[in-house]
Amino acid sequence: MHDAFKVYTVIEKLPHNIVSIFAQGDKLYVGTFYGTLLVYSVREPLGQDEAISVTLMETLKTFSKKPIEQLDVIKAVGVLVSLSDGFVNLHDLDSFALRTQLKATKGANLFSVFSRIEIQNGLIPQVITRLAVAVRRKMIVFSWQDSEFMDTKEFAIPDRVKTVEWIGTQKLCMGFDNEYALMDCKTGVLTPLFSPTSPSLQGALGATFETTLSTLNNLSSMATGGLMGFGSKPGKPLITRLPNDEILLGKENSSISVGVDGMPKRKNGIEWSGTPVELGYSYPYAVAILPRQIEIRNIETRALVQSADMPQARLLTQGKLLYIASSNEVWRLIPYSFPQQIEELVQKEEYEEAISLINQIEPVLLDESVDTLGRIKKLHAHHLFHTHHYEEALSMFLDLNVPAVEVIALYPAVISSHLPPQEVEVVSSPKSADLEAVEAKAKNTQPSIMSTKELEDAVGCLIRFLADKRQKIQRSLQTLQQNSDSFSYNHQDQEDEIEEKHRVLELVDTALLKSYMMTNERLVGSLLRVTNYCNLEETENLLLKHKKYRELVDFYKGKGQHRKALELLKTVHTMPGEMYGVRPTVNYLQRLGVDHFNLIQEFGTWILELDPEVAIKIYTDDEPEIDTLPRVKIISYLERLSLDLCLVYLEHIIHELDDQTSEFHNTLVVSYLAQIQRDSAVTGKDETVQKTKAKLLQFLDESTFYKAERILSRLPVDSCYEERAILLSRIGQHDQALNIYVHKLRNFQAAEEYCVKNYDSTDTTKNVYLLLLKVYLKPPNREKPMLEPALDILTRHGSHIDPQAVLSLLPASTRIDQLFTFFEKSIRESNKAKNMDMIVKNLLKAERLQTQEQLTFYRSRRVKITEDRMCPKCNKRIGNR
């Protein structure tokens, strides 16, 4: 509660029995039971400490013979309206002489006046005044346009009206014994409010059922019949006009606001501490006269703002000038200035009330140079935090865009220890000294002392706050970087701003990391695996303390601290857990890329020595970064380290990656030879040697990218005959290759297969079959000719050899019958070739004759070209071209 109004007693111990009061401007009109009208002049106080002055100007004892039941003023017409003796009378506003008595209002018990400026005919603003008079079971409406009387309308109503008030420009809200209704003064249609069958309630139930039902339940139970019942007991209905075409309806202890459409306008009604005798409104408060006191409540929050003892009070005026009267006493409630009220609310830490008050009043009533609402909301957020309402507090901090540093500083050292001391400071600006002191106190409050459960709740809310802040700052940072090429942008200012955002992101991410460690450690990895700005030293210490080695490796990697990451992996590889063994180090090295090749070699050595089978995957796995590594340097490095690993890598890049670099192919061959030589000297390695030899022969046979000349010089003289033969074939030394197969290896089948593979019918100068025949029949060192395998070659492949060359090679002792098959095949092949040549010759001759015939035909044709002939290509007449 706070002091919204200062209460003055302006009239006391009045001998007359007060029946009605009305105030306008500096005039207060009091109607008495005996028909006397008292007119007072009111002088407003110039300051808060000065009292209000009320002077009796006129006492009109003959104003009426009966009690003056109601008073009002129609300023545009210049009349004072009174209700007395069952009639509505219009008096001159200056002389108070009776102008007219509205005879149609005989039996009236209530009236309501409404004036508003309306645009008539689309252009001219005019004051429209309407006077509604309740007369038994009918409602009479009188209308004026400016000061000119317009018309009178009369509408039937179902019962005697107990209270009536205008809502909007054309509708009346009427209260009966135990019900309310709206009447359209254009059509006369009467709409019950809140009846189960009324359109207003049906619409409410269809659109906002929960809200409407909650509101009605707050008031009281609905009656089973009639228009609308707030309770089972009949009582006086109360209606008060609010701004924006809204009214406040009351029954029993409750009040609800309704719009011009008859729908509830606010989620909850007002609950008074007793049953109101009268209801009123003074911007922005609802006022109720209760049996022993008055209550003033915030129309938005429904909170009790102020109460005052006013025994026997039963009348009040509406609007800015708030007077309350008993039968012989009148009080005036003068509002304190809104800045003063707000300041008092802040001092009492009633921030919600202060915020509600600011939202309802016009900004012009506050200091527009100061963001009063924003500052109080921030104070409210701080207050909520220190009273352990963490979710609401953090939500408000987020809405207010409070710097993350200021929020983090509210937490204990376990969260905020990484903040520099100067991060949170009080920012002073023009405002009241008291408000400034409260704000400084809130911002300088030391981190809260929390229980474990409270800290967990507070940190959970902080995580959501920091995640949202992080996202917003990153978006802002991205926009800044995208605008870096703009000529209108000061690049130095931009760099400073980017640097500042990076600094804030570091504080945010570090706090977020600490929060995850406290509430949900599984989220730590997701933060550290993406781009983050966590403080290196703080994060390092925190993760080491909690033995979060995997997360620390990810963090090092994101920060480019690869050496630290690799050293950590080497340290923990013997510890049980997910970082055990060499595989984590292998995975890390695989993704470093060419820029860190030296680091890969340095830290790859210990795992290659410890587990070579797994470690070689640093260079052989299918990762894009591995493809960028320099293969020459890798081969050189592996050669020094291990011949076997070098072979694995060479086989990988040649067989799987299809690397056609000649040097790599040469190196693979040399490595095979070196491995054969090494293993041959070791007992029990025969099987391994044979496997390596088989791979070497297959590679020599299939690869076309190695340099045979270079390999030949590396072969031992007394072994590797098959390898030498393949290499000789590559450089075209077929005779030497065949000589190896025949004389060194004694493998005639291999020699024959060699000829089949290397025979080229287009190259008559190097007939491999003839060369093989020479090897058989002209052996070196005067050895005996090998006639039998030579005859086998002639029998199977004699068609590929010139018979004359064969006869010149065969020994004179060769029998003719041994050559029968050879001569038969040669003759058949010769005849076949001759016949094929004849066929080709005749076909070509026939083709020549056909071509000559076609030529003769086309030369004999004639075409006549005239100007009218159309071109078949462009479809235009030839004469126009």
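Values as computed for the structure displayed
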{"item": "Residue identified as surrounded by 16 or more Cβ atoms within 10 Å (Cβ to Cβ), in contact (Cβ under 8 Å) with a residue 40 or more places away in the chain, out of contact with any strand residue (DSSP E or B) (no Cβ under 7 Å at 6 or more places or on another chain) and not in a loop (DSSP other than H, G, I, E, B) among Val806, Val775", "result": "Val775"}
{"item": "Single condition Val7 does not satisfy, out of (1) surrounded by 18 or more Cβ atoms within 10 Å (Cβ to Cβ); (2) assigned to a strand (DSSP E or B)", "result": "(1)"}
{"item": "Failed condition for Ile124, given (1) buried (at least 17 other Cβ atoms within 10 Å of the Cβ); (2) farther than 23 Å from Leu238 by Cα", "result": "(1)"}
{"item": "Residue in the stretch 25-34 that is farther than 30 Å from Phe87 by Cα, loosely packed, with under 14 Cβ neighbours inside 10 Å and assigned by TED's automatic domain parsing to the domain that holds Leu322 present", "result": "no"}
{"item": "Residue satisfying condition, being more than 20 Å from Gln170 (Cβ to Cβ), within 60 Å of the chain's Cα centre (by Cα) and of a type in the set (A, V, I, L, M, F, W, C), within set Leu131, Leu123", "result": "Leu123"}
{"item": "Qualifying residue in the stretch 764-772 (condition: at pLDDT below 90, assigned to a helix (DSSP H, G or I) and of a type outside the set (A, V, I, L, M, F, W, C))", "result": "yes"}
{"item": "One residue from Leu696, Leu650 being over 20 Å from Ser719 (Cβ atoms), of a type outside the set (Val, Ile, Thr) and surrounded by 14 or more Cβ atoms within 10 Å (Cβ to Cβ)", "result": "Leu650"}
{"item": "Residues that are more than 24 Å from Glu752 (Cα to Cα) and either crowded, with 20+ Cβ neighbours inside 10 Å or assigned by TED's automatic domain parsing to the domain that holds Glu752 (or both), drawn from the stretch 701-725", "result": "Tyr706, Ile711"}
{"item": "Test set (1) of a type outside the set (Lys, Arg); (2) within 24 Å of Thr187 (Cα to Cα); (3) part of a strand (DSSP E or B) - Leu71 fails condition number", "result": "(2)"}
{"item": "Tabulated pairs, the stretch 273-284, first assigned to a strand (DSSP E or B), second of a type in the set (Val, Ile, Thr), C-beta under 6 angstrom, 6+ apart or interchain", "result": "Glu278/Ile289; Leu279/Thr240; Gly280/Thr240; Gly280/Val287; Tyr281/Thr240"}
{"item": "Counted residues, the stretch 247-277 - those being farther than 20 Å from Leu182 by Cα, of a type outside the set (Ser, Thr, Tyr) and touching a strand residue (DSSP E or B) at 6+ places or on another chain (Cβ under 9 Å)", "result": "8"}
{"item": "Options Tyr323, Tyr390: the member that is in contact with a helix residue (DSSP H, G or I) (Cβ under 8 Å, 6 or more places away or on another chain) and touching a residue at least 60 places away in the same chain (Cβ under 8 Å)", "result": "Tyr390"}
{"item": "Residue in the stretch 359-377 that is buried (at least 20 other Cβ atoms within 10 Å of the Cβ) and outside any helix (DSSP H, G or I) present", "result": "no"}
{"item": "Single match in Ala51, Ala76 (criterion: surrounded by fewer than 18 Cβ atoms within 10 Å (Cβ to Cβ) and within 24 Å of Gln170 (Cα to Cα))", "result": "Ala76"}
{"item": "Ala750 being of a type in the set (Gly, Ala, Ser), free of Cβ contacts under 8 Å to residues at least 40 places away in the same chain and either over 18 Å from Arg730 (Cα atoms) or surrounded by fewer than 13 Cβ atoms within 10 Å (Cβ to Cβ) (or both)", "result": "no"}
{"item": "Selection from the stretch 146-173 of residues that are under 24 Å from Pro243 (Cβ atoms) and part of a strand (DSSP E or B)", "result": "Thr163, Val164, Glu165, Trp166, Ile167, Lys171, Leu172, Cys173"}
{"item": "Of all residues in the stretch 523-562 being assigned to a helix (DSSP H, G or I) and among the β-branched types (Val, Ile, Thr), the one that is nearest to Gly581 (Cα to Cα)", "result": "Val553"}
{"item": "So Ala674, is it out of contact with any strand residue (DSSP E or B) (no Cβ under 8 Å at 6 or more places or on another chain), among the aliphatic types (A, V, I, L, M) and within 28 Å of Leu712 (Cβ to Cβ)", "result": "yes"}
{"item": "Pairs with Cβ under 6 Å, 6+ apart, first in the stretch 27-54 and within 24 Å of Arg314 (Cα to Cα), second charged (D, E, K, R) and part of a strand (DSSP E or B)", "result": "Val39/Glu58; Ile52/Arg332; Ser53/Arg43"}
{"item": "Extreme residue, nearest to His596 (Cα to Cα), among residues of the stretch 620-658 that are part of a loop (DSSP other than H, G, I, E, B) and within 48 Å of the chain's Cα centre (by Cα)", "result": "Leu629"}
{"item": "Condition met for Phe822 (aromatic (Phe, Trp, Tyr), in contact with a Pro (Cβ under 9 Å, 6 or more places away or on another chain), closer than 19 Å to Tyr721 by Cα and surrounded by 13 or more Cβ atoms within 10 Å (Cβ to Cβ))", "result": "no"}
{"item": "Unmet requirement for Thr129, which otherwise passes all of (1) in a strand (DSSP E or B); (2) surrounded by fewer than 19 Cβ atoms within 10 Å (Cβ to Cβ); (3) touching a residue at least 40 places away in the same chain (Cβ under 8 Å)", "result": "(2)"}
{"item": "Of all residues in the stretch 698-739 being out of contact with any Asp or Glu (no Cβ under 9 Å at 6 or more places or on another chain) and of a type in the set (Val, Ile, Thr), the one that is nearest to Leu668 (Cα to Cα)", "result": "Thr704"}
{"item": "Residue among Arg292, Arg332 that alone is at pLDDT below 95, more than 30 Å from Pro192 (Cβ to Cβ) and in contact with a Pro (Cβ under 7 Å, 6 or more places away or on another chain)", "result": "Arg292"}
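Residues are listed down the side, and each one gets a yes or a no for (1) at pLDDT 85 or above; (2) of a type outside the set (Val, Ile, Thr); (3) out of contact with any strand residue (DSSP E or B) (no Cβ under 8 Å at 6 or more places or on another chain):
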position: Glu392; (1), (2), (3): yes, yes, yes
position: Ile415; (1), (2), (3): yes, no, yes
position: Asp434; (1), (2), (3): no, yes, yes
position: Met450; (1), (2), (3): no, yes, yes
position: Phe465; (1), (2), (3): yes, yes, yes
position: Tyr489; (1), (2), (3): no, yes, yes
position: Gln492; (1), (2), (3): no, yes, yes
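Each row is one residue, and each column tells you yes or no for (1) modelled with pLDDT of 90 or more; (2) out of contact with any helix residue (DSSP H, G or I) (no Cβ under 7 Å at 6 or more places or on another chain).
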site	(1), (2)
Asp686	no, yes
Leu696	yes, no
Glu702	yes, yes
Ala708	yes, no
Ser713	no, yes
Ile740	no, no
Leu745	no, no
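The values are calculated or read from the model by the stated rules, or taken from the named source; none is laboratory data. Owing to the predicted nature of the structure, the values given are computational and were not obtained by experimental measurement. Virtual Cβ from ideal backbone geometry, glycine too; neighbours counted across all protein chains shown.
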